[in-house]
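To start, the structure itself, in structure tokens.
FYI, it's all coordinate maths here, none of it is from the lab. Bear in mind that the values here come from a model prediction, so they are computed numbers and not experimental data. Cβ placement follows ideal geometry from the backbone for every residue including glycine, while neighbour counts extend to all protein chains displayed.
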């Protein structure tokens, strides 16, 4: 059976569900064999109008870089569908957006124990300003450094501040760091890797940070998926040749766990904008308001109903009970049944009330015979007995990282317990894993999934773990 979930939409629901199911099992039975195990681009009406605040992917994993297994990596990608040749202004982080990693280290489902916040500033400088040039980046001279001689052509430069909030105390970990600009091309930026190296910082306490453009690591035949799952072979990776903006943060695991003694973390990425109230002629900026969140991939795309997508983005993960009916009666499962003719059903991760079990066709489009407690256990709980529901990406620190060369894209389905939904790595094929888990036994047995099985660029085995971006002059989009 060849099956694909909709873009990061259908894939999202599938992926999110799969992730939660397997993750719950991983955390409650880490030593037991695992038999079963997505992303987010323009998944809701409002955020589709705000690309700089649109989180495309969130990754969290124990570092598999040699010698760094005591570290945890948190990666947020934003700005979907960056066409590398989109000059003259290219792409940048938004100075009016607060980019945040939110961590729960006491298993209460509230990710407010530790936060890492990044805020950006723009500088108009160099020859662009001095000569009144119309271009943000120029080869007069070529850009070979982020600062000092060789940076004159870097007309728009971004700096940023990294702040940690822990125990209600705010600590600035670094200020005035340079973000790595968009990869314009070889004449303007003859050694882009040099800029990447300069923009990768090692801070006190074993922390590393990178902010800048990278290749989009998600892979899927998006066009075929949204043509009502009109799949094909060979398939086309619709995201090949496109870039994103990446924030990668590596920290010692002990910084995240503190003195809690926990071996399991929950986390999500969020973007926020300031609420503005106007009084007389003065504009007064108010508190930060969350405009998007992302933990498990594809939840908003294919689990949450269209009428609630914007509300879901603005809601904190610990309030996920408001959206519980979408998990118990997954519309994606019904769509898969109707399109592919194979019944969906519960995986072994639900309770005695989970249905349909054994797999049975939906009685009606309202999914009246569906009660997918297995998906709730996987996506919304640390363990099946929890009563608090919270949609977080969870990471069991007791599971050792798998070296990149040995990582399996199907993660737990292929015996690799260090991948999604036990955290998430860039290589993880969350689409296929999620499709099989949401589909249930029939889809697991048939190996359901799309025909796009790898990213368009090889993934590096070292920080920041996302491949170098396509350049504006040399980019191309892969077709069959």
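Given in Å, the Rg to one decimal and the Dmax to the nearest whole number for the Cα atoms of segment 132-192 are 15.3, 48.
Principal axis analysis of the Cα atoms in the chain yields extents of 71, 56, 52 Å, listed in decreasing size.
Pop the C-beta distance of residue 311 and residue 405 into the FRET formula with R0 = 30 Å and round what comes out to the nearest 0.05.
0.10
Projecting label points 7 angstrom from Cα along Cα→Cβ for residue 129 and residue 168 puts them 4.1 nm apart.
Considering all different alpha carbon pairs of segment 360-480, the Kirkwood hydrodynamic radius works out to 17.1 Å.
Counted over segment 10-446, the DSSP beta bridges are approximately 95% antiparallel. Spacing of the modelled spin labels on residue 89 and residue 233, each 7 Å from Cα toward Cβ, amounts to 4.5 nm.
Taking a virtual spin label 7 Å from the Cα of residue 106 along the C-beta vector, which residues in segment 240-256 bring their backbone nitrogen under 17 Å of it? Of the residues in segment 240-256, 255-256 have backbone N under 17 Å from the label point off residue 106. Per-residue extension of 0.36 nm, minus the Cα-Cα distance of residue 288 and residue 446, leaves a gain of 52.2 nm for this segment. What FRET efficiency comes out for the pair residue 368/residue 398, r = Cβ-Cβ distance, R0 = 25 Å, nearest 0.05? Once rounded, the FRET efficiency stands at 0.05. In units of the rule-of-thumb radius 2.2 N^0.38 Å, segment 313-384 shows an alpha carbon radius of gyration of 1.13. Pairwise Cα distances in segment 37-196 exceed 26 Å for 40 percent of all pairs. One decimal place: the segment residue 226-residue 70 gains 52.1 nm when fully extended, by the rule 0.36 nm per residue minus the C-alpha distance. Taking only the alpha-carbon positions of segment 281-400 and ignoring solvent, what does the Debye formula give for the base-10 log of I(q)/I(0) at q = 0.10, 0.13, 0.16, 0.18 Å⁻¹? Those come out to -0.37, -0.59, -0.83, -1.00, one per q. Peptide packing for 117-128, 289-300 was compared via the average number of neighbouring C-beta atoms within 10 Å per residue; ordered from the highest value, the list is 289-300, 117-128. Take the Cα radius of gyration of segment 64-139 and divide it by 2.2 N^0.38 Å, N being the number of residues; the result is 1.63. The stretch between residue 49 and residue 328 holds 97.4 nm of extra length on full extension. This uses 0.36 nm per residue minus the Cα-Cα distance. Distance from a point 7 Å along Cα→Cβ of residue 351 to each backbone N in segment 383-398: keep the residues under 15 Å and list them by number. The answer is 383-390. Here each label is just a point 7 Å from Cα along the line to Cβ, and for residue 259 and residue 321 those points are 3.2 nm apart. Here is how the number arises for the chain: DSSP H runs of 4 or more residues each give -39500 (n - 2.57), the sum is divided by the residue count, and the result at 222 nm is -5000 deg cm²/dmol.
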